[in-house]
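Working notes, beginning with the structure itself.
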2 protein chains.
Amino acid sequence: MSSSTIALLSSQLSDGVVVTDPDILASYRQDRAADPDAGTPLAVVRPTRTEEVQTVLRWASEHRIAVVPRGMGTGLSGGATAVDGGIVLSTEKMRDITVDPVTRTAVVQPGLLNAEVKKAVAAYGLWYPPDPSSFEICSIGGNIATNAGGLCCVKYGVTTDYVLGLQVVLADGTAVHLGGPRLKDVAGLSLTKLFVGSEGTLGVITEVTLRLLPAQHPAHTVVATFPDVRGATDAVLAITAKIRPSMLEFMDNVAINAVEDKLRMGLDRSAGAIMVAASDDRGGSGADDAEFMAQAFRDNGAAEVFTTSDPEEGEAFVAARRFAIPAVEAKGSLLLEDVGVPLSALPDLVTGIEKLAAERDLMISVIAHAGDGNTHPLIVFDPADADMAERAQQAFGEIMDLAVRLGGTITGEHGVGRLKKPWLAGYLGPDAMALNRRIKDALDPAGILNPGALI
Amino acid sequence: MSSSTIALLSSQLSDGVVVTDPDILASYRQDRAADPDAGTPLAVVRPTRTEEVQTVLRWASEHRIAVVPRGMGTGLSGGATAVDGGIVLSTEKMRDITVDPVTRTAVVQPGLLNAEVKKAVAAYGLWYPPDPSSFEICSIGGNIATNAGGLCCVKYGVTTDYVLGLQVVLADGTAVHLGGPRLKDVAGLSLTKLFVGSEGTLGVITEVTLRLLPAQHPAHTVVATFPDVRGATDAVLAITAKIRPSMLEFMDNVAINAVEDKLRMGLDRSAGAIMVAASDDRGGSGADDAEFMAQAFRDNGAAEVFTTSDPEEGEAFVAARRFAIPAVEAKGSLLLEDVGVPLSALPDLVTGIEKLAAERDLMISVIAHAGDGNTHPLIVFDPADADMAERAQQAFGEIMDLAVRLGGTITGEHGVGRLKKPWLAGYLGPDAMALNRRIKDALDPAGILNPGALI
């Protein structure tokens, strides 16, 4: 039955859009969360334009087939995990971009990479700020579906702050235009923002209108090593209470050593923590801010503080920070956390995780977008060691519990996907959860869009 | 029947919360849109805490009584117009604020004025940017319900960019917490953003968590007079393509003369337009930007350009711009427009309105938050002159039609309310309109919340 249903879809689309080759299907089962419970899709569908996405969703609605939308599959929460009996709808072939330098906006299809968007707008002297660490391999559509964050968010905000408009195909195949290249528009409910971060559960994004900024100014970078994590996190609070750095990143001792193992750049392996901070304010202000941050680091016990106005030198430290996840991954399998807390609770979160690692006898490396309270504890384990794998799973939940106790969230920027779904109801509480459910039911009554993810 | 129903509500609330005095009821019939079709409410209810709001909405749901939520009644689109047989729920008595300088957030009840929020956070060296012209008399709850804009939006964004969390009471009386003092939080759908700008149609906001910035730096101000409007609007495009001014405001000849009539500050009455621009960047950068803008004004035909780094001198011109609406109001009754366009269409919008004023033989003054393409055409008419009033009404619609033809919106920052509702479906189109309706029906199935407004 299912093969004739797929044939029916295939007959309505251009050659090559619907793929059923088993090897290709296998490569679309998981995203970077590598969910071991991933299903195998009936087909992978790679449309090239909005009308084809509409065709797919009309067909899926009629036959009650689950649709898992997917960008480049770099998600870390299993938001694009395939489900048995469903299809994967990949937007990777939709890659157009039009930049309007006067209105300072770009209209982009979802399959373009974040780095490609940055490059295309840079040709006009413009800048698209959001910068998830995976920006060279993740798609803009996936960024919008997860409301992705990054390193510059501490000053420039997250993805939703740059989304002015969307074209979205709903579960029934209707294509809706929301918002557009207008900096202010309050006509109707804020539906554009509702779709940002909806993880493919409400519709499929087929076009986005992005707000752009003038090119970023070269940053002054400050790097500081601390004997322990507490000094570093206390310095964060001293800084963010007074100024707006363009970056304020944290790595703990495990991350420092993992990065140093790979990059051999002379990081202090004995340091408890390293902070990498930057200011991109213009004129003398960037240097003033860098000096303010350097002083805040010294005041909070930094052993060594290094300041540079050379962008390449600064970028080397930022690259080291970006490299921390792959570097720690070399130590074993990872459970990658993404908890965030109100900034004042950051020190307690980081020291709480240290304590938890000791209690569970696990290596947990903490890296963090410290300036907005968003941390990525990396739980390292050996999947062949059943007891350790069990302890890692326990720690995964305990870190979320700790964050929530401190007034924080179970996910700051990666999304709920399938990995964190068991914790969502507990975090939101029954009333907010019911409200999420009411919106989902109103927009996708048959539940065909990304079932099992988010809600 | 209705009086016993009101008595039932009254018995569930503290003394004085429910008001039925006819003189008081009369004063809550209209907001600043002065809708002539406003009804008379059965009661005005002024709760002091969330639990009382819940009591009101449970009662309203049970008895199917319409609830019109209201802040300080400064709305310009009739979003708080009372309806016959309904109640007005005013949040004016809910006025608490708690500032957390470390996390740089404030938790505020909806009845506090925007200016009071600014003042309370300034005591901690912090700044709440959104600045509608009515900031001294409008409530923060109303600002959130309309996603209010203002003068600094061109650089700092609109209200929604500063809302991290909400407590909302739904139609059935459930109180839901959404978001909170976390700079990044993607756990669940983006419901906080959905309620911002929902004009009281989805729930009643009883508490908001605001994101704050460090105090603004003193601005450099540039004032330029132009012989005609085109040079001014062309200069706007030259500026926003390159830099991020903190203000970029426009007044046409009618507004200049109306302000000069009242303030006698020596404005050039023969000028076709005046631009008031500012940069609050620090160090030498603010002065650099001011000089860049001054040159852009000269390059586009400015007759006179005046630059000052004295904040008080600059503020006098900003105050003149803020005073434009009341000043023009002295010329007659006003229909106050709020159309916005993609920035590249601003010159065509402004010259198109000039042409329309000539064709309809009307005085239409254009003031604008030019830097984000948001204009406020003020249509002046004499209500005693039926023919003129008719022409004014026609122009009101024609200006929206013009904006939409230019790729713009029918409302940039004031909201749809009841005044612009007839134009919403045409602007959004049937599919986006249906989507708005689905969300409304999902959250307020009986339609008791602000019926007749927005959707």
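General observations
- Of all aspartates and glutamates in the structure, those lying under 16 Å Cα to Cα from A:Lys440, and not within fewer than 8 positions of it along the same chain, are A:Asp172, A:Glu199, A:Asp431, B:Asp441, B:Asp444.
- Chain A: antiparallel DSSP beta bridges as a percent of all, rounded to 5: 90
- Rounded to the nearest 20 debye, dipole of the protein assembly as shown from Cβ charges on Lys, Arg, Asp, Glu: 1080
- The protein assembly as shown, accessible surface, carbon-and-sulfur percent (1.4 angstrom probe): 50
- Copies compared at A:Leu263 - label distances in nm, ascending, label defined 7 Å from Cα in the Cβ direction: 5.3
- Accessible surface area normalised per residue over the protein assembly as shown is 34 Å², counting heavy atoms of protein chains with a 1.4 Å rolling probe.
- Over the C-alpha trace of chain B, radius of gyration and Dmax come out as 22.3, 70 angstrom.
- 0 to 90° range, to nearest 10: angle between helix B:311-322 axis and chain B longest Cα axis: 70
- Relative contact order %, chain A, counting alpha carbon pairs below 8 Å whose residues are six or more apart: 16
- Residues with amide H under 5 Å from that of B:Gly86, placed H, sequence gap 5 or more: B:Leu42
- Per residue of A:338-344, other chain Cβ atoms within 10 Å of the residue Cβ number 6 on average.
- Nearest-first distances (nm) between copies at B:Asp382, label 7 Å from Cα via Cβ: 9.4
- Cβ-vector label at 7 Å, A:Pro218, separations to other copies in nm: 3.0
- Taking amide H atoms as placed 1.01 Å from N in the peptide plane, the amide H of B:Val416 lies under 5 Å from those of A:Gly188, each 5 or more residues away in sequence or on another chain.
- Whether segment B:332-441 is rounded, prolate or oblate, judged on the alpha carbon gyration tensor where a/c under 1.5 counts as rounded: oblate
- Around the Cα centre of segment B:316-419, unit charges on the Cβ atoms of Lys, Arg, Asp and Glu (plus for the first two, minus for the last two) sum to a dipole of about 280 debye.
- Couplings 3J(HN,Hα) of segment A:60-72, computed from phi: 5, 5, 4, 9, 6, 9, 5, 10, 9, x, 8, x, 9 Hz, in residue order, whole Hz [Karplus 6.51 cos²θ - 1.76 cosθ + 1.60, θ = phi - 60°; x for Gly and Pro].
- Accessible surface buried at the B:A interface totals approximately 6300 Å², computed with a 1.4 Å probe on protein heavy atoms.
- Considering only A:Ala241, A:Thr375, A:Val341, and ranking their Cα positions along the charge dipole of segment A:220-405 that arises from unit charges at the beta-carbon of Lys, Arg, Asp and Glu, the one farthest toward the positive end is A:Ala241.
- As a calculated quantity, the FRET efficiency between B:Ser333 and B:Ala7 at R0 = 60 Å, using C-beta atoms, amounts to about 0.90.
- Estimated distance in nm for a label pair at B:Asp21 and A:Glu398, the labels positioned 7 Å out from Cα along Cα-to-Cβ: 6.2
- Kirkwood hydrodynamic radius of the protein assembly as shown, from inverse mean 1/r over distinct Cα pairs, in Å: 28.5
- Relative contact order %, segment A:2-90, counting alpha carbon pairs below 8 Å whose residues are six or more apart: 36
- Rounded to the nearest whole Hz, the Karplus-based 3J(HN,Hα) values (6.51 cos²θ - 1.76 cosθ + 1.60, θ = phi - 60°) of segment A:215-226 follow the sequence 3, 5, 7, x, 9, 8, 10, 10, 10, 9, 9, 10, with x at glycine and proline.
- Charge dipole magnitude, Cβ of K and R +1, D and E -1 - segment A:97-214, Cα centre, debye nearest 20: 360
- Look at the stretch A:435-442: the mean tally of other chain Cβ atoms within 10 Å of its residues' Cβ atoms is 6.
- Three-way shape label, segment A:2-90, alpha-carbon gyration tensor, a/c 1.5: prolate
- Here's the list of lysines a cross-link from A:Lys119 could span, going by alpha-carbon distance under 29 Å and ignoring same-chain residues fewer than 8 apart: A:Lys93, A:Lys155, A:Lys184, A:Lys193, A:Lys262, B:Lys155, B:Lys184, B:Lys242.
- Between segment B:378-455 and segment B:292-354, the Cα center-to-center distance that results, in Å: 25
- In order along segment B:347-356, the Karplus-derived 3J(HN,Hα) couplings, from 6.51 cos²θ - 1.76 cosθ + 1.60 at θ = phi - 60°, round to x, 5, 5, 5, 6, x, 5, 4, 5, 4 Hz, and Gly and Pro are given as x.
- For segment A:72-114: rounded, prolate or oblate by the Cα gyration tensor [a/c cutoff 1.5]: prolate
The values are calculated or read from the model by the stated rules, or taken from the named source; none is laboratory data. Since the structure is predicted, the reported quantities are computational estimates derived from the model, not experimental observations. A quick note on method: Cβ atoms are made from the backbone with ideal geometry, for glycine too, and the neighbour counts reach across all protein chains shown. In case anyone asks, the SASA skips ligands and DNA or RNA and just uses the protein heavy atoms, side chains included. Shrake-Rupley method; radii C 1.70, N 1.55, O 1.52, S 1.80 Å.
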